[in-house]
Each structure stands twice: as structure tokens, then as C-alpha cells.
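A.B. asks: Sharing a structure with you now.
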Amino acid sequence: MSVEFSNVTKRFGDNTVLDHLDFSVKPGKHVTLIGPSGSGKTTILRMLMTLTEPDEGTITVDGERLFPASERQVRAVRRKIGMVFQQFNLFPNMSVLRNIAEAPVTVLGLSKDEAEARARELLELVGLADKCDARPSRLSGGQQQRVAIARALAMRPQVLLLDEVTSALDPELVAGVLDLLRDIARSTDITMLCVTHEMNFARDISDQVLMFDAGRIVESGSPEKIFNDPEQERTREFLGAVL
Amino acid sequence: MNWDWDAVRDFMPLFLDGLAVTLQALALGSLISFTLGLVWALLMRTPTRWVRWPVGIVTEFVRDTPLLVQLFFLFYVLPEWGLTLSAMATGVVAIGLHYSTYTMQVYRAGIEAVPAGQWEAATALNLPRARTWRAVILPQAVRRVVPALGNYVIAMLKDTPMLMAITVLEMLGRARLFSQQHFQFTEPLTVIGVAFVVISSLASLLLRTLERRLVR
């Protein structure tokens, strides 16, 4: 499924977080967005998930325009997109299993048994088969994030948005989550848009890396090019600071 | 001052009648105020101001006028408009309505305290709005507000003697009746004082248990 941003601008007050942005993602590609904090990377994911609207420009998903769009259109687009958040955002009032099975039942119309069977399979995949009945608050941050990934995958999205998914984790829990995402990137044909500060991870999974600064794309290219031989001074500076 | 156990015994039948009325008024008043307060809180979140404005004005008006005035109004004015309720029903409606304007604020705070990330996760999963409210937001909001609602149960309990004003005789009303007939004040008033403490404590205990259940 393809995603296209054309001339997109987003401001918060006087602060322009995205400045006439153009870019597109081809189906099945893994694109990583890097750059300093506040450079608008997360805003891009949030706009795709319809959590915030652009001030100018158009965003299309599979040729369908997102803003403005009817409620039905928006729902149809959302159905193809899954998102994993920095703070996990699991539902604390539900068991792990129900966190995953809730939307497949109420949105996709699966039976409770089907949805729970699918949820159990996914928990197996993320290595938490024994945590079905636990409340999210009983899990470590890394485990919660793996549940959140399972929850997003349960909707069988064609695009997966990963918003700094390891930033809130204790350092020793980061590897487990990243390994899981590497597996998913390798073994599925899901389109991925990923905002991360984990450069090794970005190098491993990406087909394309976009370097952002001050609401613009400074440079884009293959991970080999961006990490080994960046053209722009700003990219070198940023990578020098984080690597 | 002499304490007369016989007076206590003689007061018992009247007291039990009064207790039944108090508990009934408290239970129904709580039920109405908890339900109606939630309805107000949800209506105040609808996008159309043609809903929010009238709800805001009515609830503000009810909150800013004394319960006693509302009791009299419902008791004496409603029948003139052709709506006649029993005194007890009138009292319960007045208490429930009055306190719903407080519980509404409690619910509002509880709803606002649910992190934005919960709404965002629900959106990302494409959950319908009604389902988001029912399965995600309200369970979390209600859990947060149980202690605050508990305070209003106790406040409501202590307002039930006002029902006397519209001829409903709850505990204090019966104590007063007994005192006037027997010229004994100490015993009946002490008995109902203790009863108020016991009911408050039991209500608190009940709500704390509920809170623990919900928090888990």
C-alpha cells in the first residue's frame, strides 16, 4: 500500500513543524525517519493515523485522500494502518488478551473465539503466551510494548507506524523489542514507517532513510548511503552526535 | 441529665420507619445522581453547542440554588403544572437532581484524567466512538471517581432531613415527632445521631470495597 505526502505543512502556533513536505512510500517498503527531536517526524505518523490534521497539502493512502474525507473514508484508511506508540497506550482496564482481541471483534467483526485464537497466536509470536490473563500494569515496559505490537498486528494492517517505540524503555529491554520488529520486517510484507533513534536498527530494517531537520527532509537514501556516506553536513553532524 | 433506656425502646418503631425512609431516599438519590450526573457530563462533551449550552445553564442553575428551595418548588409548583408525585418521589428526584450537578463535575474530571494516549490508541485501532467510551474511557474514568462519589453519598445522607420540609418523615422527622409526644429529646436525637454515623461508615466501607475491586 502506498503513502503519499504532497506539499504538507503543519504548524503548532508559530512553530512550523512540517514545512511543505513531499515524500512517498511504496508498498512493502520500510522507511525510517531520523533527525533531531522536534523535527516533525512523529507528526507525520500522527497525521497518517488521523490523530492530527495538516494545515496545508494533501495526504493520500492508496490513492485515497485523507483530509478532508468522509468519516467512512477515514475509517477505511485507518483500517489499513496500525500504530505502535512510544508510551504503549495499552488499555489498563483490560487483560492482555482482550487488549489484542477487542478491536478484531468490534471493528473487523470476528467472533470472540476467532479473535482470541488470533490474539494467542500473536502473543506466541511476541513471546508472551503465558501473559494472556495478566493486566498490562503487571508487565515490564518491554513486555507491554510487545503486547502493543501484537495488538497492532491483530488488525492485519498493511502499513505499520512505529513511533519511537523503544524510547520509553529501560535500556536492557530495548533489544528484545527491536529483535521482534526485525523479525516482523523480515517475515512480512507490511509497509513500515518508523521513527527511531536506534540507528543500528534503522540500518538493519530500512529500505530508505529520511533525514529530517526543522520540518524538512534534509537528505534521503539507502541506509548504506545515509549512514556511511551522507552528503549533507547536517546529516553528518546529527549522526556524529547520536552514533 | 438522665438517660432513659425505656425511651430508646419506645422510640424504636418510629426510628425503624424513619431509617427505612432515610435509606430509601439515600439509595434512590444516589442512583439518580450517579446516573444523571454521567448523562450531564457526556452531554457536555457533545460537539454541538445547542446541547452543551442548555445543559450547562440548567445544571449551573440547579447547583447554585439551595436544595430546600428546589424541594419546595418541586413539591408545590409541579402539581400546579399538572404533575403530581408523591412527597417521597418528589424528595428523591430533588436530591438526585441536585447532587447530579455535583457528580457531573466529578465525572468530568475523571474523564479528563484519562490520558490522551488512550483515545489515540482507540483511534489507531479504529474502534467506533461509542465503543471507545464504553470499553476504554468510562471504565477508567469511573474507577478514578469512586472516592469522590463516596463523599457525595455522605453529603446526601446528611441532607435527607430536609425532606421533612415536604412532609416526608425520615429519621430526624420521626425523632422530632417522638420528642413532641413524649417530651424526651436526648434519647431519640442520640439514636439517630449514631445511626447517621453508622450509615456513613457503612457507605464508605462499601465504596472502598468497590474501589478496590475496580482498581485491581
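The values are calculated or read from the model by the stated rules, or taken from the named source; none is laboratory data. Everything quoted here is computed from the prediction, not taken from an experiment. Methodologically, a virtual Cβ is constructed for each residue, glycine included, from the backbone with ideal geometry; neighbour enumeration extends over all protein chains shown.
A.B. asks: Scan (1) in contact (Cβ under 8 Å) with a residue 24 or more places away in the chain; (2) out of contact with any Pro (no Cβ under 9 Å at 6 or more places or on another chain) for the single condition A:Ser37 breaks and write down its number.
C.D. replies: It fails just one condition, (1).
A.B. asks: Among the listed residues B:Pro188, B:Pro147, identify the single one that is more than 14 Å from every other protein chain (Cβ to nearest Cβ), crowded, with 19+ Cβ neighbours inside 10 Å and at negative phi.
C.D. replies: On the way: B:Pro147 fails: crowded, with 19+ Cβ neighbours inside 10 Å.
Checking each option against the conditions leaves just B:Pro188.
A.B. asks: Check whether at least one residue in the stretch A:147-168 is in the same structural domain as A:Leu45 (by TED's automatic domain parsing), under 14 Å from A:Leu90 (Cβ atoms) and modelled with pLDDT under 90, and report yes or no.
C.D. replies: Yes, the stretch A:147-168 contains at least one residue that is in the same structural domain as A:Leu45 (by TED's automatic domain parsing), under 14 Å from A:Leu90 (Cβ atoms) and modelled with pLDDT under 90.
A.B. asks: Next up: Please go through the stretch A:177-215 and pick out each residue that is in contact with a His (Cβ under 8 Å, 6 or more places away or on another chain) and of a type in the set (D, E, K, R).
C.D. replies: Of everything in the stretch A:177-215, just one residue is in contact with a His (Cβ under 8 Å, 6 or more places away or on another chain) and of a type in the set (D, E, K, R), namely A:Asp207.
A.B. asks: Which one of the conditions (1) within 13 Å of chain B (Cβ to nearest Cβ); (2) over 24 Å from A:Leu173 (Cα atoms); (3) of a type in the set (Phe, Trp, Tyr) does A:Phe88 fail to meet, given that it meets all the rest?
C.D. replies: In the conditions (1) within 13 Å of chain B (Cβ to nearest Cβ); (2) over 24 Å from A:Leu173 (Cα atoms); (3) of a type in the set (Phe, Trp, Tyr), A:Phe88 misses (2) alone.
A.B. asks: Within the stretch B:89-118, count every residue that is surrounded by fewer than 17 Cβ atoms within 10 Å (Cβ to Cβ), assigned to a helix (DSSP H, G or I) and within 14 Å of chain A (Cβ to nearest Cβ).
C.D. replies: Summing the residues that are surrounded by fewer than 17 Cβ atoms within 10 Å (Cβ to Cβ), assigned to a helix (DSSP H, G or I) and within 14 Å of chain A (Cβ to nearest Cβ) in the stretch B:89-118 gives 2.
A.B. asks: Then there's this: Against the condition among the hydrophobic types (A, V, I, L, M, F, W, C), more than 9 Å from chain B (Cβ to nearest Cβ) and more than 17 Å from the chain's Cα centre (by Cα), how does A:Leu162 come out, does it pass? Break it down into steps so the answer makes sense when it comes.
C.D. replies: Working: among the hydrophobic types (A, V, I, L, M, F, W, C): yes; more than 9 Å from chain B (Cβ to nearest Cβ): yes; more than 17 Å from the chain's Cα centre (by Cα): no.
Judged against the criteria, A:Leu162 is not a match.
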